[in-house]
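Read through the structure below, which is laid out as structure tokens, and then see the notes.
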Amino acid sequence: KNQVEQSPQSLIILEGKNCTLQCNYTVSPFSNLRWYKQDTGRGPVSLTIMTFSENTKSNGRYTATLDADTKQSSLHITASQLSDSASYICVVSSTGGGNKLTFGTGTQLKVEL
Amino acid sequence: SQTIHQWPATLVQPVGSPLSLECTVEGTSNPNLYWYRQAAGRGLQLLFYSVGIGQISSEVPQNLSASRPQDRQFILSSKKLLLSDSGFYLCAWSALAGDHNEQFFGPGTRLTVL
């Protein structure tokens, strides 16, 4: 069964600090992995996408890594801001009809002053 | 540019009442369309997806149904709501031959069944 597990479940950090979120997956056959940011009460918005051959991808202060051998990904947030407070969801796509995705339950990040 | 709309934004319904949530996409043709439900503390669960008008695939058994009467319109319905239907419902679209099959999400509908 395809699964995506994220850790930690929740995280509180001070503004300006860095943090790293983890994602482990057991999805086969693997197509790509995305990190989404979901503000409270809103739809998820894509941050990064990585295919099998990519091991790092940046989007501003967000940097995602992928180790396809160990089936692990991380999302590093640099110099956090209050607006980074959100749920960060790891999503893994498997090849097959209908573009089906397997979603993690997300890491709830809160950035405080 | 493409945009996706959902309405209503929030809805409070009594148990046993009907449901109709609407999703429309602008700026693209022949999209794949999806309905997801997100329960508190849970990951997004795919409910239905559609690859074309009148073509609906159901991922989980439930008392919900979906319809696609037009190319860019996707409707989620129920004849009688259950308490367990409460949740955050998200519609999404992807291009048939898009960049790595990326899905774009709508703003969501918060449904509370009392």
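The values are calculated or read from the model by the stated rules, or taken from the named source; none is laboratory data. Please read all numbers here as calculations on a predicted model, not as lab measurements. FYI the Cβ positions are ideal-geometry reconstructions off the backbone, even for glycines, and counts take in every protein chain you see. With ligands, DNA and RNA removed, areas are computed over all heavy atoms of the protein, side chains included. Shrake-Rupley method; radii C 1.70, N 1.55, O 1.52, S 1.80 Å.
Suppose we compare each residue of the range A:27-53 in its chain alone and in the full protein complex with a 1.4 Å probe; which ones drop by at least 10 Å² of accessible area? Buried-area filter returns A:ASN32, A:ARG34, A:TYR36, A:GLN38, A:GLY41, A:ARG42, A:GLY43, A:PRO44, A:SER46, A:ILE49, A:THR51. For the residue pairs A:LYS71/A:LYS100; A:LYS1/B:LYS79; A:LYS17/A:LYS71; A:LYS110/B:LYS79; A:LYS71/B:LYS80; A:LYS110/B:LYS80, the C-alpha atoms sit more than 30 angstrom apart in A:LYS1/B:LYS79; A:LYS110/B:LYS79; A:LYS71/B:LYS80; A:LYS110/B:LYS80.
What FRET efficiency comes out for the pair A:GLU15/A:ALA68, r = Cβ-Cβ distance, R0 = 45 Å, nearest 0.05?
Values: r = 34 Å, r/R0 = 0.75.
For A:GLU15 and A:ALA68, the calculated efficiency is 0.85.
Computed about the Cα centre, the dipole magnitude for the protein assembly as shown is approximately 400 debye when only Lys and Arg (+1) and Asp and Glu (-1) carry charge, each at its Cβ.
Which trypsin sites (Lys or Arg not before Pro) from the range A:15-113 combine a DSSP loop assignment with at most 13 other Cβ atoms within 10 Å?
On the way: sites: A:LYS17, A:ARG34, A:LYS37, A:ARG42, A:LYS57, A:ARG61, A:LYS71, A:LYS100, A:LYS110; in loops: A:LYS17, A:ARG42, A:ARG61, A:LYS71, A:LYS100.
Here the trypsin sites (Lys or Arg not before Pro) that fit, given the DSSP loop and packing criteria, are A:LYS17, A:ARG61.
Here the calculated FRET efficiency for B:VAL60 and A:ARG42, from their Cβ-Cβ distance with R0 = 25 Å, stands at 0.60, rounded to the nearest 0.05.
The B:LYS80 and B:THR112 beta-carbon pair, evaluated with R₀ = 22 Å, returns a calculated FRET efficiency of approximately 0.90.
For B:SER1 and B:SER20, the difference between the fully extended length at 0.36 nm per residue and the C-alpha to C-alpha distance is 4.2 nm.
Interface between chains B and A: roughly 1600 Å² of accessible area buried, both sides summed (probe 1.4 Å, protein heavy atoms only).
Across the range A:1-101, C-alpha contacts under 8 Å between residues 6 or more apart give a mean separation that, scaled by the residue count, equals a relative contact order of 34 percent.
If contacts are Cα pairs under 8 angstrom and at least 6 residues apart, what is the relative contact order of the range B:24-114 in percent? Numbers along the way, then the final one.
Values: 182 pairs, mean separation 26.3, N = 91.
It comes to 29 percent, rounded to a whole number.
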